[in-house]
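Worksheet: one structure, shown below.
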Ligand code: IYR
């Protein structure tokens, strides 16, 4: 049981910081880095079912993310329904076909060439689960009035990062899929006006034989500047 104290009219609880030794911290941080280095965006999904509780746990982890004024301006729409997955695939492919055949400039297509992506998105039906992340620019109160959310894109991005890390930690794979434009997801999933699609994540296991592009991450020196 935590102790509550009222500070300036609002309840506070004591935060017990579990400090660990530098040695233990170094070990844990390099262990976690080792884990995260294993993560890859995967496009070849197995049809092997994933227990719903795993999906609930990774979303609950995402939901712990910090957000502007703790507004948690996100919604996670989840489906394993073959009919809905098919509808999402058809609509995504329709948009992606147009993107790959005219909407994306030459330079973009050239940048994507090593990833070997194209407009076909069969994984949207093959992966056992689809998670669609929506960001909420405002909340609608019970009386119908609108209340603003803050740092909506940053907050939803952070939550999605937690989600991707949790998916990897659960031994699952995902793909940060960005069919563009994504408004078909609002229509298909009948989302309210204050929610905008942010990212589409197929989640499951990788196929036994699964190929991913040989990518190099930038070095720490390239992305970090100590002052
Ligand atoms: N949205 C397209 C194109 C695409 C864009 C990026 I950025 C990628 O890293 C990969 C693909 C698609 O999902 O195919």
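Quick notes
- In this structure, residue 32 and residue 227 have a Cβ-Cβ separation that, at R0 = 22 Å, corresponds to a calculated FRET efficiency of about 0.30.
- Exposure proxy ranking, count of Cβ atoms within 10 Å, fewest first, for 177, 17, 168: 17, 168, 177
- Point-to-point label distance, residue 81-residue 5, nm (Cα→Cβ direction, 7 Å offset): 5.0 nm
- On the beta carbon distance between residue 142 and residue 41, with R0 = 41 Å, the FRET formula returns roughly 0.55.
- Rounded to 5, the percent of DSSP beta bridges in the chain classed as antiparallel: 95 percent
- Stretch gain in nm, segment residue 70-residue 17, where the contour uses 0.36 nm per residue and the Cα spacing is subtracted: 17.1 nm
- Exposure proxy ranking, count of Cβ atoms within 10 Å, fewest first, for 119, 129, 108, 74: 108, 119, 129, 74
- Among 89, 56, the ranking by other beta carbons within 10 Å of each residue's beta carbon, starting with the fewest, stands as 56, 89.
- Cα→Cβ-extended label distance, 7 Å offset, between residue 209 and residue 90, nm: 3.3 nm
- Computed lengthening from residue 103 to residue 217, 0.36 nm per intervening residue step minus Cα-Cα distance: 38.2 nm
Taken together, the values in this text are just the output of simple stated rules run on the coordinates, not laboratory data. The structure displayed is predicted, hence computed values, not measured ones. Note: ideal-geometry Cβ built from the backbone for every residue, glycine included; neighbour counts use all protein chains shown.
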